[in-house]
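First comes the structure, then the notes that go with it.
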There are 2 protein chains.
Amino acid sequence: MCESTAYILKDGKEELVFEGVDLLESSDDGVKMVDIFGEEKIIRAKVKRFSLLDHKIILEPN
Amino acid sequence: MCESTAYILKDGKEELVFEGVDLLESSDDGVKMVDIFGEEKIIRAKVKRFSLLDHKIILEPN
């Protein structure tokens with residue numbers, strides 16, 4: 001029940017990237033996220049902020 | 001109810017850093033975490049992984 005929604009900052013605005021994120025792994029290449037259905041998404045970004053209260057992950061481009 | 005526990009990887013082992021984390025903010029300098037009581041902790045590290053299922057944040061030294 002703690003899955004979160006990931007957004008990426010573009011021109012100061014939050015753009016939806018992925019919903020229902022259960023797992024996030026970060027490397028030099030980018031960020032891999034896995035959602036509650038096991039689907040994966042990898043994007044060239046890094047974690048800027050996340051709030052477990054708001055269930056919100058904010059990424060920024062690498 | 002989604003607050004998580006943060007660990008840092010040291011010599012491949014997870015060392016407890018901070019419990020009850022509600023908010024995490026990452027910058028070039030390190031990671032700032034705020035717990036459910038509003039207490040803050042800043043450490044020189046970056047986010048390696050987090051699991052919203054396990055309520056676990058894994059950091060690695062910068």
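The values are calculated or read from the model by the stated rules, or taken from the named source; none is laboratory data. In this text the structure is predicted, and so the values were computed from the model without any measurement. When we count neighbours, we look across all protein chains shown, and the Cβ atoms used for this are built from the backbone with ideal geometry, even at glycine. Note: areas computed on protein heavy atoms with side chains; ligands, DNA, RNA excluded. Shrake-Rupley method; radii C 1.70, N 1.55, O 1.52, S 1.80 Å.
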Margin query: For segment B:1-51, which positions are in a loop (DSSP other than H, G, I, E, B) and charged (D, E, K, R)?
Written below: B:Glu3, B:Asp11, B:Asp28, B:Asp29, B:Glu39, B:Arg44
Note to self: Can you pull out every residue in segment B:12-50 that is of a type outside the set (D, E, K, R), surrounded by 15 or more Cβ atoms within 10 Å (Cβ to Cβ) and touching a residue at least 24 places away in the same chain (Cβ under 8 Å)?
What the structure shows: B:Val17, B:Val21, B:Leu24, B:Gly30, B:Val31, B:Met33, B:Ile43, B:Ala45, B:Phe50
Margin query: Suppose the filter is over 21 Å from A:Glu60 (Cα atoms), within 13 Å of chain A (Cβ to nearest Cβ) and of a type outside the set (Phe, Trp, Tyr); does B:Ala45 pass it?
Written below: no
Margin query: I'd like to know if segment B:15-37 contains one or more residues that are under 24 Å from A:Gly38 (Cβ atoms) and either modelled with pLDDT under 95 or not hydrophobic (A, V, I, L, M, F, W, C) (or both).
Written below: no
Check: Could you list, in sequence order, the residues of segment B:12-36 that are more than 12 Å from chain A (Cβ to nearest Cβ) and in contact with a strand residue (DSSP E or B) (Cβ under 7 Å, 6 or more places away or on another chain)?
Finding: B:Glu14, B:Glu15, B:Leu16, B:Val17, B:Phe18, B:Glu19, B:Gly30
Checklist line | Residue check, B:Asp54 farther than 25 Å from A:Leu9 by Cβ, within 11 Å of chain A (Cβ to nearest Cβ), open to solvent by 90 Å² or more (accessible area, probe 1.4 Å) and not polar (S, T, N, Q) | finding: yes
Item checked: Top-ranked residue in segment B:1-11 [being away from chain A (no Cβ under 14 Å) and surrounded by fewer than 16 Cβ atoms within 10 Å (Cβ to Cβ); ranked as farthest from A:Pro61 (Cα to Cα)] -> B:Asp11
